[in-house]
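Asks: This is the structure I want to talk about, given as structure tokens.
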Amino acid sequence: MSTAMNFSSKSFRPRAPDKGSFPLDHFGECKAFKEKFMKCLKDNSYDNSMCRLQSKDYLECRMDNQLMAKEPLEKLGFKDLMDKPSQENKEAKP
């Protein structure tokens, strides 16, 4: 009796992740943004409304590094923050 399985008849077809799911940041491309966001949450008793700028920066990093689909920030709930510079931009200025 043969116990070998034949997988050659099936082909794997990759597909994009479902809306709302995205790849893990295996290379740490957005780790600094994530750490700032997590520190902000901890410092503000996990009140995410106090950390919206950090959240926006983190999501922008993920979109810039193709770790999630590009979406307009207004659609992600940041319309009121669109005129404000990001935290990263503030820190880069002398």
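The values are calculated or read from the model by the stated rules, or taken from the named source; none is laboratory data. Because the structure is a prediction, the values reported are computed rather than measured. Backbone-built Cβ (ideal geometry, glycine too); neighbour counts: all protein chains shown. In case anyone asks, the SASA skips ligands and DNA or RNA and just uses the protein heavy atoms, side chains included. Shrake-Rupley method; radii C 1.70, N 1.55, O 1.52, S 1.80 Å.
Asks: Looking only at the stretch 48-67, how many residues end up being open to solvent by less than 60 Å² (accessible area, probe 1.4 Å) and either free of Cβ contacts under 8 Å to residues at least 24 places away in the same chain or within 14 Å of Glu35 (Cα to Cα) (or both)?
Replies: 11
Asks: Met63 - would you say it is of a type outside the set (Phe, Trp, Tyr) and in contact with a Cys (Cβ under 8 Å, 6 or more places away or on another chain)?
Replies: no
Asks: Within the stretch 26-41, identify whether any single residue is in a loop (DSSP other than H, G, I, E, B), at pLDDT below 90 and open to solvent by 40 Å² or more (accessible area, probe 1.4 Å), and answer yes or no.
Replies: Scanning the stretch 26-41 turns up at least one residue that is in a loop (DSSP other than H, G, I, E, B), at pLDDT below 90 and open to solvent by 40 Å² or more (accessible area, probe 1.4 Å).
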